[in-house]
Structure formats: C-alpha cells, structure tokens
Amino acid sequence: MTKMITRFAPSPTGNLHIGSARTALINYICKSKNNDSKLYLRIEDTDKDRSKEEFKNNILSGLKWLGIDWDNEPQIQSHNINRHLEIANKLLVNGNAFKCVCSEEELNERRKKINSGDITSKKICISCAKNTEVQSLEKNYVIRIKIPIDNKEILEDVVQGTVEVNKSEIDDYVLVRRDGTPTYMLSVVVDDHDLGVNFIIRGDDHLNNYFRQKFIYEYMNWEIPTYAHIPLIHGEDGSKLSKRHGAVNLIDLKKQGYLPEAIINNLILLGWSPKKGDDEIIQLNNIISMFNINDLSKSASIFNYKKLDFFNNYYLRQEKNLELFINYCKSNINLQKYLDKDEEKLIKIFNIYKKDISKYEEIVNIAEIYFNSNFEVLKNEIFEQEFNKCFNNFLELINSIKNWEYDVINSEIKDFLKKNNLKFPIIGKPVRFLLTNNYNGPSITDIFMILDKEESIKRINKYKV
Ligand code: GLU
C-alpha cells in the first residue's frame, strides 16, 4: 500500500500513557514514509463521564512535545454523534441490527450461562429480534448488531498474522445505548470510514474488536481497512506497564527530564530492530526510512527503564541539546531559581555532571550543593595526618592562583603534589569532601571551576586542622 490513511484515536480519560504514545509514534512513522500518506488525530470522547478536557490537552501537548504531528484539526468524536446515529438507523432499517429491551437481570442471567460455558454462543439477546412489538417501539430500547452464528471469521493482521475466531464467539454488541447515545464500537467505524482511513494501527487489546467492528463495514458495504494490532508494553515482571514500574505518563517522564529523542529511541526498539548494524542509537529520520511495520514482533514488549536511562544519558550529553536543558530549567521551579541567579554556573555544573546523570531532574540536588552560599560539611571528618600536615600549604597555594583557569589550577595542584611527594587521593578526596560533602564526584579542578576561587576558599577554610 502506498498511500496510507492512518489515525490515532485516544480516549481522553487519562494523561498520555507511554503505550499510547508508542501507538501514535508507529502511526506517525508509517505515514511519514510517504508524502501522500496522512495521520489523523481523533479524540474519542463519547464516554462523557470519564472524558476530560484536561486529558485531551495533555494528549495533544504530549504528542507535540514528542514531535508527533498530525494532519488537519483533531477530530472530536462527540461532534459526529448524529452521523453515528444515522448509520445505526440504516443498519436497523436494513435488518443488520435490532432493538433490544432486555432488562439488566435478564442479561445478567444469560451472561452467567455464557461465562460458565452452558451456552456456547456469545449472543446475549435471543428474543427481541423476533419480537415484532419490540421492533416497532419508538423509544426505550438499545440497538444491537446482528451477528450470524455460522462459520469462522479470519483476520490477516499485519503484525499478528492470521487470527481466527468462530462467529459464535462474537457478541451482539450494543450500537446505541438506551439514552440514544452511540457506543465506541459504532462511532469508531463510522468516523474511520468517513475519514477514509485505510490502515489501522492500534493496541492488540483491540484485536477482538476487529471481529465485532468488521460487521459494520460489511453491512454498510464499506471497504475494510488493513489492520496492525501492536502488542502492549509490559513491565519487567511481565505485567502490563503501570505506575508500579515507574513513570508511565509522558508528562511525568518530561517532568523528570527525559528527552523526546530518548523516549522515541527506546519505544521503537520494543519489538523491532534496524537490520543493518548493531547500533541501537537511532533517530527519527532514520527510523522512518528503516522501519517496516511487517517486521514488528507480535509478542509483548518489555519496557526497560535502565535502557531508557541509557538513551537519555546519550542524548542529553549532545552539545546540540543544551537548549533543551535550558528549557527544562525554565519549567522546574528549583532550577529556574539557579538559572536566574547564575546561568553560566548552572551550565558549567550541567556540562561537568552530564556524563553521570540519566535525567535532568538529577541536576536539582547537584546544583543545590554549588549554589548554597551557607554551605556546611555535614559531618566533621578526621582526615589523614598526611593531609593535615600539608593542609595550610595547600590552602596557600590555592589562594595564590591568579588565573582561575582549568589548566592553571590543574598544573599548580600537580606541581604541589610532586613537590610534597604526595599521591593525588591524599589531597583529592578530603578536598572534594570539603567542597561538596561527597567523597565521589568530578575532579577537584572541575569543582573549583564551578565554585570559583572565593567560594572554594571559603569552603576549604572552614576545615580546622
Ligand atoms: N479510543 C480507543 C482507545 O483509546 C482506541 C480505539 C481504536 O484505536 O480503535 O483505546
């Protein structure tokens, strides 16, 4: 197929989940392979109780942040209700649907029998279709679809392969509720058809829905799209990815300081890998040219946060992404404070620490050490005699440095160590501790460079031999 008309159709009942973002991403990649292809965005808000404007906005901004663009204005499903009902009535008039007045008790009774295996057919209403009185009612009924019982249904799914289902397994689901509102099952088909969607990429939790929805296409004589049901993302324990595993909403990942490039890189390698070479670092434009949905694995993909951290560390280290760090600081109250105080210093901290962090958020605690003008060491350590003996001379040396530059400081310290016949850790470890409250971290010269001469001396000076 050359011209793909795809769509991403989230329900605005929660913030954009990483699994949905993956569905959107794969749609976007597939449509981007061809200039004539399209990706539409439809907000499926027919569940009035659970749909919220704030979630819709979160989904739109999450997609934009990730770099996923769509064609035309987003379609709002609830605006098309009259069209959905028009189709329900056509199905009714053509005998492909029927009115049903079964009470909840009757339906539950039948459901019990179906679930226990007493009845093999999934048809929940067996009487209303034949009841002429019910079929001539003007109100107070639901509209159900008619599904034959004979034979099998087969789907040739792009990702799942051949999937077979007995027609008896398919229920006579509701198209229009008793209150006159259309259900998702009806609306999704009508909207996809009206948009000309010919390729549906969605989560495999909707695989069963294909076998229901295809009947509306058939009854209406509409062309059935090609389907690719992509496996859901699981956590490392094999269960569906949820908050227990880590941040699962795009907005939370953004807040923690993950980069879109890292998220995309991580998401696309779930169940797919570029054939050429082993390089796992792959950016969107390359993904677009190399990705083929036919190669996507049909088994569930495991989302690994360590891998995401690895990619994020790679991307945040890129010089070209410094601007993203500045933008992040502007969105984080703590870092915004430091940015206002001394942007250059904050960037210095970031550049020195970036190889060791996996997300921008980690800079908050690090920057706090350097911006704290009332810095105190947390505990009074007793350092080795060798250090204590040379401490005053070392302090004098630092005081005497005129050009506070990396190379100058470095070579002065080296000379000092040589002259006093000392190994680097004798000085390095305690001085790092006195400057940052931590025995581990960057080189002391880097720390000196961040703090500047005055603050460095102030901190070291607090040590009493
Ligand atoms: N609105 C549905 C959902 O968010 C998607 C429907 C579909 O892709 O067919 O799960």
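The values are calculated or read from the model by the stated rules, or taken from the named source; none is laboratory data. Keep in mind it's a predicted model, so treat the numbers as computed, not measured. Virtual Cβ from ideal backbone geometry, glycine too; neighbours counted across all protein chains shown. When the accessible area is computed, the model is the full protein with side chains, heavy atoms only, and any ligands, DNA or RNA have been set aside. Shrake-Rupley method; radii C 1.70, N 1.55, O 1.52, S 1.80 Å.
crowded, with 17+ Cβ neighbours inside 10 Å and at pLDDT below 95, is that true of residue 274? Let's see the steps before the verdict.
Details: crowded, with 17+ Cβ neighbours inside 10 Å: yes; at pLDDT below 95: yes.
It is true that residue 274 is crowded, with 17+ Cβ neighbours inside 10 Å and at pLDDT below 95.
Determine which single condition residue 409 fails, assuming it passes every other condition in (1) surrounded by 19 or more Cβ atoms within 10 Å (Cβ to Cβ); (2) among the β-branched types (Val, Ile, Thr); (3) not in a helix (DSSP H, G or I).
The failed condition is (3).
Being more than 14 Å from the ligand (Cβ to nearest atom), surrounded by fewer than 18 Cβ atoms within 10 Å (Cβ to Cβ) and either under 23 Å from residue 226 (Cβ atoms) or not basic (Lys, Arg) (or both) narrows it down to one residue among 85, 107, 91; which is it?
Numbers: 85 fails: surrounded by fewer than 18 Cβ atoms within 10 Å (Cβ to Cβ); 91 fails: surrounded by fewer than 18 Cβ atoms within 10 Å (Cβ to Cβ).
Unique residue meeting the criteria: 107.
Out of the residues in the range 424-457 that are under 14 Å from residue 391 (Cα atoms) and among the charged types (D, E, K, R), state the one that is least open to solvent (accessible area, probe 1.4 Å).
Applying the filter and picking the extreme gives 432.
Go through the range 253-279 and count every residue that is in contact (Cβ under 8 Å) with a residue 24 or more places away in the chain and of a type outside the set (A, V, I, L, M, F, W, C).
Number of matching residues: 10.
Open to solvent by 20 Å² or more (accessible area, probe 1.4 Å) and more than 36 Å from the chain's Cα centre (by Cα): is that true of residue 99 in this structure?
Working: open to solvent by 20 Å² or more (accessible area, probe 1.4 Å): yes; more than 36 Å from the chain's Cα centre (by Cα): yes.
Yes, satisfied.
May I ask you to list the residues in the range 167-197 that are surrounded by 18 or more Cβ atoms within 10 Å (Cβ to Cβ) and among the small types (Gly, Ala, Ser)?
The answer is 187, and nothing else.
Consider the range 3-36. How many of its residues are within 15 Å of the chain's Cα centre (by Cα), away from the ligand (no atom under 11 Å from the Cβ) and open to solvent by 20 Å² or more (accessible area, probe 1.4 Å)?
Here the count works out to 2.
May I ask you to list the residues in the range 381-402 that are surrounded by 10 or more Cβ atoms within 10 Å (Cβ to Cβ) and in a loop (DSSP other than H, G, I, E, B)?
381, 383, 384, 401 - these are the residues of the range 381-402 that are surrounded by 10 or more Cβ atoms within 10 Å (Cβ to Cβ) and in a loop (DSSP other than H, G, I, E, B).
Look at residue 164 and say whether it is open to solvent by 60 Å² or more (accessible area, probe 1.4 Å), assigned to a helix (DSSP H, G or I), free of Cβ contacts under 8 Å to residues at least 40 places away in the same chain and not polar (S, T, N, Q). Quick ask: steps written out before the conclusion?
Details: open to solvent by 60 Å² or more (accessible area, probe 1.4 Å): yes; assigned to a helix (DSSP H, G or I): no; free of Cβ contacts under 8 Å to residues at least 40 places away in the same chain: yes; not polar (S, T, N, Q): yes.
No; evaluated as a whole, the condition is false for this residue.
Does residue 90 satisfy being touching a residue at least 12 places away in the same chain (Cβ under 8 Å) and either outside any helix (DSSP H, G or I) or of a type in the set (Asp, Glu) (or both)?
Values: touching a residue at least 12 places away in the same chain (Cβ under 8 Å): yes; either outside any helix (DSSP H, G or I) or of a type in the set (Asp, Glu) (or both): no.
For residue 90, the condition - touching a residue at least 12 places away in the same chain (Cβ under 8 Å) and either outside any helix (DSSP H, G or I) or of a type in the set (Asp, Glu) (or both) - is not met.
If a residue must be open to solvent by less than 40 Å² (accessible area, probe 1.4 Å), within 23 Å of residue 5 (Cα to Cα) and within 16 Å of the ligand (Cβ to nearest atom), how many such residues does the range 47-69 contain?
Counting residues in the range 47-69 that are open to solvent by less than 40 Å² (accessible area, probe 1.4 Å), within 23 Å of residue 5 (Cα to Cα) and within 16 Å of the ligand (Cβ to nearest atom) gives 5.
Return the pairs, sorted by first residue and then second, in which the second residue is within 14 Å of the ligand (Cβ to nearest atom) and open to solvent by 20 Å² or more (accessible area, probe 1.4 Å), the first residue lies in the range 14-30 and is closer than 17 Å to residue 300 by Cα, the beta carbons are less than 8 Å apart, and the residues are 6+ apart or on different chains.
Every condition considered, the pairs that remain are 19/232.
If residue 40 passes every condition in (1) open to solvent by less than 20 Å² (accessible area, probe 1.4 Å); (2) in contact with a Ser or Thr (Cβ under 8 Å, 6 or more places away or on another chain); (3) within 12 Å of the ligand (Cβ to nearest atom) but one, which one does it miss?
All conditions pass for residue 40, except number (1).
Pick from the range 207-249 the residues that are within 11 Å of the ligand (Cβ to nearest atom) and out of contact with any helix residue (DSSP H, G or I) (no Cβ under 9 Å at 6 or more places or on another chain): which of them is farthest from residue 300 (Cα to Cα)?
Checking each candidate, the answer is 210.
Kindly provide the set of residues from the range 125-137 that are open to solvent by less than 20 Å² (accessible area, probe 1.4 Å) and either out of contact with any strand residue (DSSP E or B) (no Cβ under 7 Å at 6 or more places or on another chain) or assigned to a loop (DSSP other than H, G, I, E, B) (or both), ordered by number.
Initial filter on the range 125-137 (open to solvent by less than 20 Å² (accessible area, probe 1.4 Å)): 125, 128, 134.
Of everything in the range 125-137, just one residue is open to solvent by less than 20 Å² (accessible area, probe 1.4 Å) and either out of contact with any strand residue (DSSP E or B) (no Cβ under 7 Å at 6 or more places or on another chain) or assigned to a loop (DSSP other than H, G, I, E, B) (or both), namely 125.
Could you list all residues from the range 70-82 that are within 12 Å of residue 190 (Cβ to Cβ), open to solvent by less than 80 Å² (accessible area, probe 1.4 Å) and part of a helix (DSSP H, G or I)? Spell out how you get there, then give the answer.
Taking the range 70-82 as the starting set, the residues that turn out to be within 12 Å of residue 190 (Cβ to Cβ) are 75, 77, 80-82.
So of that shortlist, the ones also open to solvent by less than 80 Å² (accessible area, probe 1.4 Å) come out as 75, 77, 80-81.
77, 80, 81 - these are the residues of the range 70-82 that are within 12 Å of residue 190 (Cβ to Cβ), open to solvent by less than 80 Å² (accessible area, probe 1.4 Å) and part of a helix (DSSP H, G or I).
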